[in-house]
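Asks: If you scroll down you'll find the structure; I have some questions about it.
The values are calculated or read from the model by the stated rules, or taken from the named source; none is laboratory data. Treat the numbers as computed from the prediction; the structure is a model and nothing was measured. All Cβ positions, glycine included, derive from the backbone under ideal geometry; neighbour counts span all protein chains shown. Each accessible area value is taken on the protein alone, full model and side chains, heavy atoms only, with ligands, DNA and RNA left out. Shrake-Rupley method; radii C 1.70, N 1.55, O 1.52, S 1.80 Å.
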Amino acid sequence: MEHPKDLVHCIQRWAEEIPNRPALREYRNGQWCTVSWSNYWGNVCRLAKALIDLGLRPGDRVAIVGANRPEWVQFQFGVQAARGVIASIYPTSTLDQMAHIIRDSDAKFAVADGAPQLERYLRAEAAGLCPKLQLLATFDSLDHEDTRVSSFTALLSRGERLENQKLRARLESIEATDLCSLIYTSGTTGTAKGVQLDHGGQLFIAEGGAQAFPLFREPGQYKVISYLPLSHQAEQLFTNVFALYFGGEVTFCPDIAELPKLLPQVRPTVFLGVPRIWEKFEAALTKRFSEATGIRARLLHWARCTELSAFQSDVERGRRTMGPARWLARAVVIKRIRRAMGLDRIEVALTGAAPIAPSVQTFFASLGVCVYEAYGLSETSGGVSVTDPLQPRFGTVGKPFRGVSVRIAEDGEVLVRGRNVSEGYLRLDAENQALFTDDGWLRTGDLGTLQEDGNLRITGRKKELLITANGKNVAPTEIEQLLGAIAGVGHAVVVGDRKPYLSALIALDSEAIAMLNARLGLPSDLAYQDLVRQPELQRYLEREIETACNVHLARYQKIRKFYVLSEPLTVEKGDLTPTMKPRRHSIVQNHANEIEALYLQPSKMAYAS
């Protein structure tokens, strides 16, 4: 059957073909709550009718903020069924950031998951930061004195009582080119901009995904956990676009801290993890592996070596094989490890949103999990390229999706063209003019190279390019990957623009403090703030930077000094984006004095904390 031209009608398709199969799931109040495809479509229609009745017109914007829950996506497609446009807000946004999105999108209605986010809308209004909203909807039922507040269930009841005529007209008029979503770039600097996305551009990426991973064409094979912010286009792709295209099943995880517990219960077939998530998994597994002794340790080592060797042979041949030794290694050792993690059914493990160290991918390959790397921007509907499943090349972001063209500009910038590319930012003509080349290619802002085998390699960000006092251009991404691979390092930010050499700001991994204490022979209960002052940590990092980082770099790229931050980087403090990428400009600005001090001392490797 031909796929619908828009996301909304994808729900209708599966409601007709597989009405009783689960579409949305969440573990709530001690039990599993499931929404079938039939109920999903019915709720979307009821919400749409209620919103139309309350005055939502085609093209009207609706702001939404909240944790990942089934109500989030039902509201989203209720709005889009009425031909409205969703403007999503990160739950961690400040009041000013929330108000900016409401103003910039000209939102008339707003949706919040519960009382805390609802009160933030009301505070923004009261402070005069944004216009007054016509409707305030919530996932949960709340007793509130503001008559504009209406809950998910109340809106469903309202829609149930209304005729279908107006909704039918809206549904019939949806076009693939309709603006349906504004994704506000979290960015590492500057004010968030609303990327305009339509139905067709997002489904274009879903079609590319189907070409790369045809096994999901059978409805019900695609099972994913939704836990990254739905205000980010990467999560939109996996929770909504791919799930709607494949007729998949989405389990929601409102609290990322619950992810390790939820994975073994859900056992998804698809899992998207930003690099930091995979790094945390690796750290936890490495700790467990280090506790194995005797025959168990030797068996584990043999099994991982056997699996990795077989994987590398498969990559060279371009096909998957299962020899006796590999089968035995999986049956005796690897299957148990993957089952304990909840990754035993994984068919496609992906990473994106930031570069991942090839060493992390190699670690998981030794456990039979090939972590594919995908590349994309909000401005490209979330997708540009993905690892070739049969011949993955770690250190690259794979090959462009079918129908997507990539070329490298003279200055090394990656340029993209295809149906997936957005028209640009909402009401920002000057920025949109700068966003495209004269011949219509999107400027990604990323630096990269195209390999002879067609794989794309991202080497850094154009705006983050450092120029040393000696005139050397340095892309910090590769160096930061090497530093981040050092055991115990949570994040690393390379600095040295206009300076005689490069230095690094290092934040330790808060979950690796016990491991570092043990490795360094320090008291087991030593806290983060105390550990950073220990000379043992200084010597350890000096050695690791030399042997795990500098040895792989040209002389002008080497790290000469470092400063260990007194606390880890967090999303809440504004150090990281919601997808856990360091906000370089903010971090450098906040630690300007510490950075300057690194260049007032002799150039020998020094330590500060």
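Asks: I'm trying to understand the selection: among the residues of the stretch 427-446, which are in a strand (DSSP E or B) and open to solvent by less than 20 Å² (accessible area, probe 1.4 Å)? Step through it out loud before you land on a result.
Replies: Here is the first cut: in the stretch 427-446, the residues in a strand (DSSP E or B) are 436, 442-446.
Those that are in a strand (DSSP E or B) and open to solvent by less than 20 Å² (accessible area, probe 1.4 Å): 442, 444, 445, 446.
Asks: What number goes with the only condition from (1) open to solvent by 10 Å² or more (accessible area, probe 1.4 Å); (2) hydrophobic (A, V, I, L, M, F, W, C); (3) without any contact (Cβ under 8 Å) to a residue 40 or more places away in the chain; (4) in a loop (DSSP other than H, G, I, E, B) that residue 369 does not pass?
Replies: All conditions are met except number (1).
Asks: Moving on to the next point. For the stretch 407-423, which residues satisfy the criterion of being touching a Lys or Arg at 6+ places or on another chain (Cβ under 9 Å) and in a loop (DSSP other than H, G, I, E, B)?
Replies: Within the stretch 407-423, the subset touching a Lys or Arg at 6+ places or on another chain (Cβ under 9 Å) is 407, 409, 411-417.
Within the stretch 407-423, 409, 411, 412 meet the criteria.
Asks: I would also like to ask the following. Is it the case that some residue within the stretch 193-205 is within 19 Å of residue 379 (Cα to Cα) and in a loop (DSSP other than H, G, I, E, B)?
Replies: Within the stretch 193-205, one or more residues are within 19 Å of residue 379 (Cα to Cα) and in a loop (DSSP other than H, G, I, E, B).
Asks: Name, by its number, the condition in (1) assigned to a helix (DSSP H, G or I); (2) open to solvent by 40 Å² or more (accessible area, probe 1.4 Å); (3) in contact with a strand residue (DSSP E or B) (Cβ under 6 Å, 6 or more places away or on another chain) that does not hold for residue 238.
Replies: Among (1) assigned to a helix (DSSP H, G or I); (2) open to solvent by 40 Å² or more (accessible area, probe 1.4 Å); (3) in contact with a strand residue (DSSP E or B) (Cβ under 6 Å, 6 or more places away or on another chain), the lone unmet condition for residue 238 is (2).
Asks: Right, next: Could you tell me whether residue 307 is out of contact with any Pro (no Cβ under 8 Å at 6 or more places or on another chain), in contact (Cβ under 8 Å) with a residue 60 or more places away in the chain and either over 24 Å from residue 354 (Cβ atoms) or assigned to a strand (DSSP E or B) (or both)? Full working, then the answer.
Replies: Working: out of contact with any Pro (no Cβ under 8 Å at 6 or more places or on another chain): yes; in contact (Cβ under 8 Å) with a residue 60 or more places away in the chain: yes; either over 24 Å from residue 354 (Cβ atoms) or assigned to a strand (DSSP E or B) (or both): yes.
Here the answer is yes, as residue 307 does meet what is asked.
Asks: Which of (1) modelled with pLDDT of 95 or more; (2) polar (S, T, N, Q); (3) open to solvent by 10 Å² or more (accessible area, probe 1.4 Å); (4) within 19 Å of the chain's Cα centre (by Cα) does residue 226 not meet, given it meets every other one?
Replies: Result: residue 226 fails condition (3) only.
Asks: Are any of the residues in the stretch 48-67 surrounded by fewer than 21 Cβ atoms within 10 Å (Cβ to Cβ) and basic (Lys, Arg)? Spell out the reasoning first.
Replies: Initially, the stretch 48-67 is screened for residues surrounded by fewer than 21 Cβ atoms within 10 Å (Cβ to Cβ), giving 53-55, 57-60, 67.
Those left that are additionally basic (Lys, Arg): 57.
Yes, the stretch 48-67 has at least one match.
Asks: Can you tell me how many residues in the stretch 292-308 are within 18 Å of residue 369 (Cβ to Cβ), open to solvent by less than 60 Å² (accessible area, probe 1.4 Å) and out of contact with any Ser or Thr (no Cβ under 7 Å at 6 or more places or on another chain)?
Replies: Result for the stretch 292-308: 3.
Asks: In the stretch 469-487, which residue that is in contact with a Lys or Arg (Cβ under 9 Å, 6 or more places away or on another chain) and open to solvent by less than 10 Å² (accessible area, probe 1.4 Å) is farthest from residue 540 (Cα to Cα)?
Replies: Of everything passing the filter in the stretch 469-487, 476 is farthest from residue 540 (Cα to Cα).
Asks: Go through the stretch 151-176 and give me each residue that's of a type in the set (S, T, N, Q) and modelled with pLDDT of 95 or more. Please lay out each step first, then the result.
Replies: Going through the stretch 151-176, the residues of a type in the set (S, T, N, Q) turn out to be 151, 153, 157, 164-165, 173.
If the condition is that a residue be of a type in the set (S, T, N, Q) and modelled with pLDDT of 95 or more, then 151, 153, 157, 173 are the ones that fit.
Asks: With (1) touching a strand residue (DSSP E or B) at 6+ places or on another chain (Cβ under 8 Å); (2) open to solvent by less than 60 Å² (accessible area, probe 1.4 Å) as the list, and residue 193 as the residue in question, which single condition is left unmet?
Replies: Result: residue 193 passes all but (2).
Asks: Let me ask something else. What number of residues in the stretch 546-576 are assigned to a loop (DSSP other than H, G, I, E, B) and within 29 Å of the chain's Cα centre (by Cα)? Spell out how you get there, then give the answer.
Replies: At the first step, the residues of the stretch 546-576 found to be assigned to a loop (DSSP other than H, G, I, E, B) are 553-554, 558, 565-575.
Keeping just the survivors that are within 29 Å of the chain's Cα centre (by Cα) gives 553, 565-575.
Count: 12.
Asks: At pLDDT 95 or above, within 24 Å of residue 196 (Cα to Cα) and among the hydrophobic types (A, V, I, L, M, F, W, C): does that describe residue 137? Write out each step before concluding.
Replies: On the way: at pLDDT 95 or above: yes; within 24 Å of residue 196 (Cα to Cα): yes; among the hydrophobic types (A, V, I, L, M, F, W, C): yes.
Yes.
Asks: Given 326, 345, 330, which one is under 23 Å from residue 282 (Cα atoms), open to solvent by 10 Å² or more (accessible area, probe 1.4 Å), touching a residue at least 24 places away in the same chain (Cβ under 8 Å) and in a helix (DSSP H, G or I)?
Replies: On the way: 326 fails: touching a residue at least 24 places away in the same chain (Cβ under 8 Å); 345 fails: in a helix (DSSP H, G or I).
Answer to the selection: 330.
Asks: Considering the stretch 104-148 alone, what residues qualify as being open to solvent by 30 Å² or more (accessible area, probe 1.4 Å), not charged (D, E, K, R) and not in a helix (DSSP H, G or I)?
Replies: Within the stretch 104-148, 127, 128, 129, 131, 134, 141, 142, 144, 147 meet the criteria.
The rows are residues; the columns are (1) open to solvent by less than 60 Å² (accessible area, probe 1.4 Å); (2) of a type outside the set (A, V, I, L, M); (3) on the phi > 0 side of the Ramachandran plot.
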site	(1), (2), (3)
153	no, yes, no
156	yes, no, no
159	yes, yes, no
162	yes, no, no
175	no, yes, no
180	yes, yes, no
198	yes, yes, no
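Asks: Let me ask something additional. Report, ordered by the first and then the second residue, all pairs with beta carbons closer than 8 Å, sequence separation of six or more or different chains, a first member in the stretch 387-406 that is β-branched (Val, Ile, Thr) and assigned to a strand (DSSP E or B), and a second member that is modelled with pLDDT of 95 or more and open to solvent by less than 40 Å² (accessible area, probe 1.4 Å).
Replies: 406/384; 406/385; 406/414; 406/415; 406/416; 406/456
Asks: Check residue 557 against each of (1) farther than 24 Å from residue 528 by Cβ; (2) surrounded by fewer than 20 Cβ atoms within 10 Å (Cβ to Cβ) and name the one condition it does not meet.
Replies: Answer for residue 557: the failing condition is (2).
Asks: Given the conditions (1) under 22 Å from residue 468 (Cβ atoms); (2) open to solvent by 40 Å² or more (accessible area, probe 1.4 Å); (3) among the small types (Gly, Ala, Ser), which single one is not true for residue 510?
Replies: Only one criterion is unmet by residue 510, namely (1).
Residues are listed down the side, and each one gets a yes or a no for (1) at pLDDT 90 or above; (2) more than 30 Å from residue 472 (Cα to Cα); (3) open to solvent by less than 40 Å² (accessible area, probe 1.4 Å); (4) among the aliphatic types (A, V, I, L, M):
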position	(1), (2), (3), (4)
524	no, yes, no, no
539	yes, no, no, no
546	yes, no, no, no
550	yes, no, yes, no
561	yes, no, yes, no
577	no, no, yes, no
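Asks: With respect to residue 99, is the statement that it is under 30 Å from residue 582 (Cβ atoms), without any contact (Cβ under 8 Å) to a residue 40 or more places away in the chain, aliphatic (A, V, I, L, M) and part of a helix (DSSP H, G or I) true? Give the steps one after another, and end with the answer.
Replies: Details: under 30 Å from residue 582 (Cβ atoms): yes; without any contact (Cβ under 8 Å) to a residue 40 or more places away in the chain: yes; aliphatic (A, V, I, L, M): yes; part of a helix (DSSP H, G or I): yes.
In short, yes.
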